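Presented below is the structure to which this report refers.
The values are calculated or read from the model by the stated rules, or taken from the named source; none is laboratory data. Given the structure is predicted, the values throughout are model-derived calculations rather than measurements. Neighbour counts run over all protein chains shown; Cβ positions are idealised from the backbone, glycine included. With ligands, DNA and RNA removed, areas are computed over all heavy atoms of the protein, side chains included. Shrake-Rupley method; radii C 1.70, N 1.55, O 1.52, S 1.80 Å.
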Amino acid sequence: MESNERYWVNSRFFSWTFVVIWMGLIFYLSHQVADQSRTLSDETLYIMIPSIKIFQGLFFLVLAVWGGSKLKKQGITIGMKEIIAIGAVICLLYILSVEMRHAVVPPDLPNAIRKHAHFFIYLVLGILVKNALNKSGIAGIKGIGISLLICALYAVSDEFHQVFVPGRGGRLSDVFIDSSGAGTGLIASVLFNKIRRKRTASLVSNDSRNRKD
C-alpha cells in the first residue's frame, strides 16, 4: 500500500517536472533576440530541406521495392520491361511530389517555420499538462478545461514576455496559434487514452474468456 502511494507521488512529481522543463524551454526560445531567433529558423531550414529530400528519395526507393515484391507475389516475372515501367512510374511520382513541395512551400519559409514551431511546442505542452493533471487526479472535462486554461495563460504570458525582448513583439495571433496547438495536443491525449483503455479492456476480456475455456 505504501509503495503504491509512493509510486503515485513520484509519478505526479515527474509529470509536473516535465511540464516545468518544457515551459522553461519555451521561455528560453522566447527570450532570444530577433537575430538569434532568425538564425535558429535558418539553421532549422538548413537541416530540414536536405532531410526532406533524402526522405523523399528513400520513400520512393522503398515504394519501388514494394511494387516489385507485389508483382512477384502475383506470379509476374520481373524483366527489363517491368523494371523500366516501375522506374518510370516512380520517377513520375517523384517529380510530382517535388512540384507539390515547391507549390506548398510559403514564400516566407523562416516565418512559417516559427509559426509551426509555436503550434508544435504548445501541442507538446498540452499533452504534458493533461498527463500531469491526470496523475494529480484531475481528469475528464474538468482536466481538459484546466489544461487548456494553463496553456492559454502561459501563451499570453509568453507573448507579454516577448514585448521586452529586443526585436521581438507580442502578437494576439500567436496566442491563438499556441492555444490551438495545446488544444490539438489535448485532443490527441484524450484519444490516445481512450484507445489504450479500450485495448486494455479487450485484452482483459480475452484473457478471462480464455481462462473459462
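Table for the structure above
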| quantity | calculated |
| --- | --- |
| Qualifying position, being at pLDDT 70 or above, in a helix (DSSP H, G or I) and open to solvent by 50 Å² or more (accessible area, probe 1.4 Å), among Ile47, Ile21 | Ile21 |
| Selection count, the stretch 125-179, where residues are in contact (Cβ under 8 Å) with a residue 24 or more places away in the chain and outside any helix (DSSP H, G or I) | 5 |
| When residues of the stretch 145-164 are limited to those that are over 19 Å from Ser189 (Cα atoms) and either out of contact with any helix residue (DSSP H, G or I) (no Cβ under 7 Å at 6 or more places or on another chain) or polar (S, T, N, Q) (or both), the one most open to solvent (accessible area, probe 1.4 Å) | Phe164 |
| Filter result (modelled with pLDDT of 75 or more, among the aromatic types (Phe, Trp, Tyr) and farther than 30 Å from Arg168 by Cβ) within the stretch 78-135 | none |
